[in-house]
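Comments concern the structure below.
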Amino acid sequence: MIDKYINTVIHGDCLEVMRSIPDDIVDITFADPPFNLKKKYNGYKDNKEFTTYVEWSKQWIYEMVRITKPTGCLLYTSPSPRDRTRSRMPSSA
């Protein structure tokens, strides 16, 4: 099952792909998600409602943790300080 993912770049919806991977089998997972800062992407709308974005983020983070071995590593990029100042996060968060 996992052989089809070894040394392969996978292009697809992250949730669909990760849901097809067994638990605790990946050494390293890496995420560089859109940060919901209204950036212009080809084919992706970066302007979700805050609660929708948080729920989506919880889903892919859960899947990353689920598929990563207990001895594995999760890597995540975050917005630059300049981008964070333009974040749409409510002030009460």
Among residues of region 51-78, those that are assigned to a helix (DSSP H, G or I) and open to solvent by 70 Å² or more (accessible area, probe 1.4 Å), counted
8
Those residues that are farther than 15 Å from residue 13 by Cα and either modelled with pLDDT of 75 or more or outside any strand (DSSP E or B) (or both), I need them from region 32-50; list them, please.
35, 36, 37, 38, 39, 41, 46, 47, 48, 49, 50
Quick check: is even one residue across region 80-89 surrounded by 10 or more Cβ atoms within 10 Å (Cβ to Cβ), modelled with pLDDT of 85 or more, of a type in the set (D, E, K, R) and part of a loop (DSSP other than H, G, I, E, B)?
no
Residues in region 11-50 that are open to solvent by 80 Å² or more (accessible area, probe 1.4 Å) and of a type outside the set (D, E, K, R) total 7
Looking at residue 6 and the list (1) of a type in the set (A, V, I, L, M); (2) farther than 19 Å from residue 69 by Cα; (3) open to solvent by 50 Å² or more (accessible area, probe 1.4 Å), which single condition is not satisfied?
(2)
For a quick check of your reading of the model, give me the residue pairs whose first member lies in region 1-21 and is closer than 22 Å to residue 34 by Cα and touching a residue at least 12 places away in the same chain (Cβ under 8 Å), whose second is among the β-branched types (Val, Ile, Thr) and open to solvent by 100 Å² or more (accessible area, probe 1.4 Å), with beta-carbon atoms closer than 6 Å and at least 6 apart or on different chains.
none
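The values are calculated or read from the model by the stated rules, or taken from the named source; none is laboratory data. Because the structure is a prediction, the values reported are computed rather than measured. All Cβ positions, even for glycine, are placed from backbone atoms using ideal geometry, and neighbour counts span all protein chains on display. Heads up: the accessible areas ignore ligands, DNA and RNA and are worked out on the full protein's heavy atoms, side chains in. Shrake-Rupley method; radii C 1.70, N 1.55, O 1.52, S 1.80 Å.
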